[in-house]
Amino acid sequence: MEWHACLDEYEKLVIRMTTPRVVIDNAVCPTATLVKVDSARRDGILLDAVQVLTDLNLSIKKAYISSDGQWFMDVFHVTDLNGNKLTDESVISYIEQSLETSFPDRSHGFDGSTALELTGTDRVGLLSEVFAVLADLQCDVVDAKVWTHNGRIASLISVKDCNSGSPINDSQQIDRIESRLRNILRGDNDIRSAKTSVSLAITHTERRLHQMMFADRDYGRKPVLQCREDSPVVTVQNWAERGYSVVNVQCKDRAKLLFDVVCTLTDMQYVVFHATINTAEDKAYMEFYVRHTDGTPISSEAERQRVVQCLRAAVERRASHGVRLELCKSDRQGLLANVTRTFRENGLNVTRAEISTTNDIARNVFYVTDAIGNVADPKIIETVREKIGLGELKVKELPLIYHEREEAAVGV
């Protein structure tokens with residue numbers, strides 16, 4: 001009995017020692033809230049911390065990450081999306097509780113529904129065909145995220161049975177859904193790489209999209225769109241004296257950028273020991289000191305090139321190409337099929353999409369370009385809005401070139 005009692009006290013001590021300590025400070029920095037985390041090192045701890053902050057749609061302006069032996073210390077300078085400090089006590093409390101959990105729940109799955117994973121060759125109208133098939137098979141789309149990159153598409157779609165409102169568990173129905181969608185994704189020339197499956201493991205949605213794109217080797221494919229001036233610059237060098245590889249990433253700043261980079265490094269089996277992240281105006285500068293999980297730095301030129309390619313892809317996948325269209329409309333069966341068919345019929349290509357349904361209201365975001373990846377004609381955008389509903393489909397975050405076209409048209 002005494003021995004078991006000692007073990008219990010020892011276990012309690014270990015828990016107390018390894019539980020992260022979180023301090024949220026609004027006094028030190030005049031422009032941002034500081035979130036400080038001290039913890040014993042464990043696999044994926046940096047990704048967990050960044051995920052908690054980015055899932056709250058917080059902007060990480062600066063960060064300092066350091067490891068001393070088996071101890072992990074980091075400081076994040078964060079603001080809300082409007083650039084303000086955090087003042088909502090419920091948000092502050094949530095951050096503290098989430099980060100102080102020794103092993104937080106990394107899942108971000110679809111509750112009460114069936115999750116479909118799709119990858120294949122992107123083309124104009126593909127999303128329209130996918131949603132048309134789901135509507136025809138009596139599948140109600142509850143949530144979905146769609147990414148495209150280098151001519152490839154990856155999507156996680158959460159569906160329920162239209163009639164019962166329940167998850168789709170019938171194996172024959174699932175087989176029919178997978179088969180029909182696989183035929184759509186294959187098109188005429190994608191027999192080998194088109195994949196459809198029902199997601200069994202519940203994983204953080206955006207992390208899973210990165211994993212799907214990585215498995216599809218989008219990073220090694222030739223870009224469909226011409227290189228943009230704001231393409232990310234990634235360099236990798238070895239610091240032989242200390243046994244680190246130093247990874248530098250410079251690119252345009254945007255929401256969830258740090259998550260995308262850290263997620264990719266983690267899934268490529270690299271451990272971040274030290275890092276500095278800075279943002280200035282619309283630029284982000286990130287430096288990571290990493291080793292492979294076996295403790296070794298990057299050992300070959302081929303591995304170095306692969307890291308460069310994969311990090312570029314991680315930054316580019318979520319980058320916004322095209323005009324942002326926001327749809328807010330009462331949900332009904334076939335709504336997504338009709339909306340995306342209207343896009344297709346007017347020559348608009350969806351480069352990224354976020355679909356959600358709450359209380360029978362569809363709140364969807366689409367990024368659209370013309371058929372070859374250029375900025376869509378404003379007249380076509382207005383035509384599409386008239387067909388779908390001017391008050392329900394709104395234009396947000398117009399690219400600069402879109403404004404320039406409008407100004408040129410006025411000048412004529």
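Note that the stretch 284-289 has calculated 3J(HN,Hα) couplings of 10, 10, 10, 10, 10, 9 Hz, one per residue in order, obtained from phi through the Karplus relation 6.51 cos²θ - 1.76 cosθ + 1.60 (θ = phi - 60°); glycine and proline are x. Full extension of the segment from N163 to R242, taken as 0.36 nm per residue of separation minus the current Cα-Cα distance, would add 22.3 nm. Across the protein chains, with a 1.4 Å probe defining accessible surface, the residues C139, C162 rank C162, C139 from largest area downward.
What you get for the chain, charging only the Cβ of Lys and Arg (+1) and of Asp and Glu (-1), is a dipole of about 1040 debye around the Cα centre. If a paramagnetic tag sat 7 Å from the Cα of Q250 along the Cα-Cβ line, which residues of the stretch 271-285 would have the backbone N under 12 Å from that point? Counting only backbone N, you get 283-285.
Relative contact order of the chain, taken over Cα pairs closer than 8 Å and 6 or more residues apart, is 16 percent.
Taking a straight line from the alpha carbon of K160, these lysines sit under 25 Å away, with near neighbours fewer than eight places off in the same chain left out: K145, K195, K329.
Which entries in K85/K379; K256/K394; K252/K394 show an alpha-carbon gap greater than 31 Å? Distance filter (> 31 Å) returns K85/K379.
Residues whose amide H falls under 5 Å from that of A376, counting only those 5 or more places apart or on a different chain, are V323, D370, with hydrogens built in the peptide plane.
Taking R0 as 56 Å, what FRET efficiency do you get between E345 and I92 from their Cβ-Cβ distance, rounded to the nearest 0.05? In this case the efficiency is close to 0.70. On full extension, the segment bounded by D43 and T296 gains 89.5 nm, given 0.36 nm per residue less the C-alpha separation. Placing a label point 7 Å from the Cα of K387 along the Cα-to-Cβ direction, the residues of the stretch 329-349 with a backbone N closer than 16 Å are 335-349. Per-residue Karplus couplings for the stretch 352-364, computed as 6.51 cos²θ - 1.76 cosθ + 1.60 with θ equal to phi - 60°, are listed in order as 7, 8, 10, 10, 8, 10, 9, 6, 6, 10, 7, 10, 10 Hz, Gly and Pro entered as x.
Rounded to 0.05, the FRET efficiency of the V23 and I361 pair, given R0 = 41 Å and the Cβ-Cβ distance, is 0.60. In terms of the mean number of neighbouring beta-carbon atoms within 10 Å, the peptides 89-101, 250-262 order highest first as 250-262, 89-101. Mean residue ellipticity at 222 nm, helices only, the chain: -10500 deg cm²/dmol; runs of at least 4 DSSP H residues each add -39,500 (n - 2.57), and the sum is divided by the number of residues.
Solvent-accessible surface of protein heavy atoms, probed at 1.4 angstrom with all chains present, puts F214, F131 in the order F214, F131, largest first. The residue among G187, A40, I298 whose Cα reaches farthest toward the positive pole of the charge dipole of the chain, with charges on the beta-carbon of Lys, Arg, Asp and Glu, is G187.
Note on F343: accessible area approximately 0 square angstrom, rounded to 10, probe 1.4 Å, nucleic acids and ligands left out. Taking 7 Å steps out from each Cα toward its Cβ at E287 and R324 produces label points 3.1 nm apart.
The values are calculated or read from the model by the stated rules, or taken from the named source; none is laboratory data. On a predicted model such as this, the values are computed, not experimentally measured, just so you know. Note: ideal-geometry Cβ built from the backbone for every residue, glycine included; neighbour counts use all protein chains shown. Remember, those area values only see protein heavy atoms, side chains included, never the ligands or the DNA or RNA. Shrake-Rupley method; radii C 1.70, N 1.55, O 1.52, S 1.80 Å.
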